[in-house]
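Please read the structure below before turning to the comments.
The values are calculated or read from the model by the stated rules, or taken from the named source; none is laboratory data. Note that this is a predicted model, so its numbers are computed, not measured. We place every Cβ from the backbone using ideal geometry, glycine too, and count neighbours over all the protein chains shown.
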Amino acid sequence: MNSIEPFNRLVRLAARAFYDDVSMKGDNQPKTSRGDNRGMAVVVLDALTRRQWVREEDLAKALKLHSKQLRRILRFFEEEKLVTRDHRKESAKNAKAHNAAAAAANDGQPVAKEGEEKVKMHTHSYCCLDYAQICDVVRYRIHRMKKKLKDELDSRNTIQHYICPSCNKRYSAFDALQLVSYTDEYFHCETCNGELVAESDKLASEEMGDGDDNVRKRRREKLKDMQQRIEEQLKPLVAQLDRVKNLPAPEFGSLQTWERANIGAFAIGDPAAADSSRNSQGQYGTPMPFIGETKVEVVIDGVKEEGAESGKNGSELKVLPPWMIKDGMNLTKEQRGEKIEPQKLEISEAKDDKKQDSKDDQSVQEEYIKAYYEALRKKQEEEEAKRRMQQEGKISVPDSQTERQVGKKYKRDDDDEGIEWEEHQPTGNATETYKLADLNAEAQESGDEEDDNEWEEG
Amino acid sequence: MFFHIVLERNMQLHPRHFGPHLRDKLVSKLIKDVEGTCSGRHGFVVAITGVEDIGKGLIREGTGYVTFPVKYQCVVFRPFKGEILEAVVTMVNKMGFFAEAGPVQIFVSNHLIPDDMEFQSGDVPNYTTSDGSVKIQKESEVRLKIIGTRVDATEIFCIGTIKDDFLGVISDPGAAV
Ligand SMILES: [Zn+2]
């Protein structure tokens, strides 16, 4: 269950460490406080951690950004190798297919709007985080930062200078050929034939008084200070990198495979497949893509579990206005049930000391969950029908089956997803009965879909 | 780094070569004049691989020499900062060592030699690790990284380092014997 959250945390940390002062400016835009969009990059990365493949227009709409602005940011991240993008010409039908996949993956995106039916052939861009590459990129970036400082401190890659102690003439290593003496092992001054001394030696012997040396000494201190600050400030990020090192990075595949896999998993109606596909994506974040925004800040300085918890609370505690429920509606019900539970379980299991603090929160939270759940339930039938209609339209090819199975196996092997799932389920059933009903509802639902599928094929 | 580029040069030819083999004469003179030279911009001309175009000759007043603009393809070698090169050590002293990569001379000063290597003077001055497993002396082959180049009109001189991952001796003449 937890396969993606560590990676999302990594992304969020990296975003804040490296991209929070990235300013995406059009060349013609004057620098005003209004035009100052630093921090936008972080917001976009955060939003992407709560999604899989997403159409860029939809993302722009969700973030209330101009699509051009968003595209500029995404292009930047593409160059930074954090984001994979895909572009394709598509008709309204294709677009709907993507929405179906997104819905199936519980991406939290609104399903195709009526307006999109009119769209003819348009080039749409999609984007998605490339988690595997992000790990590499972040690790490499940190490595380069540290190496650069270290090299400078060791005065590596610097051209050695030599000085003649008797006439104070300075030479650089480029003059080496002319300075070589064939009588001894040293360099000799061209004018007075004195034995040259390497300048760094001079510095080492504290022979100050030279303004040049002072500058260098200060520079050295500055570098040391910078080195220290890097260690300190990047500590959480480095720790997260270590944590993530041996986990398999979430892999969504290309846009096509992802769409097929997600539609496929649900169309076939194999509950396990549905689980695995769902597990491979965002946790609590996904069902409530818009509400969850604020939790991020908390996650950053807090312990991981704590962050997740408070984040959840935050979103849960917000009384959900009806329009918001609609927004995040697609299939959220089951997810809500299975997702919130495991996390709670984890908290109590993993963090004994945190347990006390979070207990009160939990009970409050449970109440809200219940309330939320009821609200969601009302929408259930209506939504189910809507979704089934969509899927009937585009039941996938046999390919998708293999696609999905590969994904499933992978998850099982590497993540112990199955085991974890089994652990969670009983708790959910035992503590809250509605969860049980919820799970059943899901099973039935997918069963129906299977029937539909077979019926159509037969 | 090697590049295959097209260069142009005005060749002056003595009137005595004017005849059926004028072109051959021009090309052989070009090769003789250009190969092995160094230009600050393009680096060392390693070899001429072809003549693209020989323009119209212009007779110079008074001398009778004719100037031909010649376009030729050639392989040039131009070292860059940051480039990794393999080079042969030519001289070792207390200040560091010199090495050659083809026509390029490279100096590696002692502070760019790993700290665990110490200078040993003697008949064959060398830098050796404390356990004696790695030794740099004359004729050693080293892999180094260029950290600075000084390009003159006729010469390129480089500063290198072996103080980095995967740099250093790649074949040791002492060990081979
Ligand atoms: Zn002197």
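Here are the numbers for the structure shown:
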| quantity | calculated |
| --- | --- |
| Hits in segment B:1-52 - residues which are within 25 Å of B:ARG150 (Cα to Cα) and more than 17 Å from the chain's Cα centre (by Cα) | B:VAL6, B:LEU7, B:GLU8, B:ARG9 |
| Flag for B:ILE113 being over 16 Å from the mean Cα position of the chain (by Cα) and touching a residue at least 60 places away in the same chain (Cβ under 8 Å) | no |
| Test for B:GLY82: is it exposed (fewer than 13 other Cβ atoms within 10 Å of the Cβ) and in contact with a helix residue (DSSP H, G or I) (Cβ under 8 Å, 6 or more places away or on another chain) | no |
| Sole exception among (1) surrounded by fewer than 21 Cβ atoms within 10 Å (Cβ to Cβ); (2) out of contact with any Gly (no Cβ under 9 Å at 6 or more places or on another chain); (3) at pLDDT 90 or above for B:VAL89, by number | (1) |
| Test: B:GLU141 is within 13 Å of another protein chain (Cβ to nearest Cβ) and of a type in the set (Asp, Glu) | no |
| Selected residue (criterion: surrounded by the most Cβ atoms within 10 Å (Cβ to Cβ)) from residues of segment B:151-177 that are at pLDDT 90 or above, over 14 Å from B:ASN110 (Cβ atoms) and within 12 Å of another protein chain (Cβ to nearest Cβ) | B:CYS158 |
| Any hit, segment A:209-217, residues being out of contact with any strand residue (DSSP E or B) (no Cβ under 7 Å at 6 or more places or on another chain) and either at pLDDT 80 or above or buried (at least 17 other Cβ atoms within 10 Å of the Cβ) (or both) | no |
| Residue satisfying all of: in segment A:149-195; basic (Lys, Arg) and away from chain B (no Cβ under 13 Å); surrounded by the most Cβ atoms within 10 Å (Cβ to Cβ) among these | A:LYS169 |
| Residue within segment B:116-132 that is among the hydrophobic types (A, V, I, L, M, F, W, C), in contact with a Leu (Cβ under 8 Å, 6 or more places away or on another chain), within 14 Å of chain A (Cβ to nearest Cβ) and surrounded by 15 or more Cβ atoms within 10 Å (Cβ to Cβ) present | no |
| Test: residue in segment B:25-36 that is outside any strand (DSSP E or B) and within 14 Å of chain A (Cβ to nearest Cβ) | no |
| Residue ID - nearest to the other protein chains (Cβ to nearest Cβ), chosen from residues in segment B:99-111 that are modelled with pLDDT under 90 and farther than 16 Å from A:LEU179 by Cβ | B:PRO103 |
| Hits in segment A:185-200 - residues which are at pLDDT 85 or above and outside any loop (DSSP other than H, G, I, E, B) | A:PHE187, A:HIS188, A:GLU195, A:VAL197 |
| When residues of segment A:169-192 are limited to those that are within 11 Å of the ligand (Cβ to nearest atom) and more than 57 Å from the chain's Cα centre (by Cα), the one nearest to B:PHE97 (Cα to Cα) | A:HIS188 |
| Number of the exception - B:GLY64 against (1) surrounded by fewer than 21 Cβ atoms within 10 Å (Cβ to Cβ); (2) assigned to a strand (DSSP E or B); (3) in contact (Cβ under 8 Å) with a residue 40 or more places away in the chain; (4) away from every other protein chain (no Cβ under 14 Å) | (2) |
| Cβ pairs under 6 Å, 6+ apart, first in segment A:179-197 and within 17 Å of B:GLN120 (Cα to Cα), second within 12 Å of the ligand (Cβ to nearest atom) and among the aliphatic types (A, V, I, L, M) | A:PHE187/A:LEU179; A:PHE187/A:LEU196 |
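So that you can scan it fast, the table gives a plain yes or no per residue for (1) in a strand (DSSP E or B); (2) without any contact (Cβ under 8 Å) to a residue 24 or more places away in the chain; (3) of a type in the set (Gly, Ala, Ser):
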| site | (1), (2), (3) |
| --- | --- |
| B:PRO79 | no, no, no |
| B:GLU86 | yes, no, no |
| B:VAL92 | yes, no, no |
| B:PHE97 | yes, no, no |
| B:GLU100 | yes, yes, no |
| B:ILE106 | yes, no, no |
| B:THR128 | yes, yes, no |
| B:SER133 | no, yes, yes |
| B:GLU139 | no, no, no |
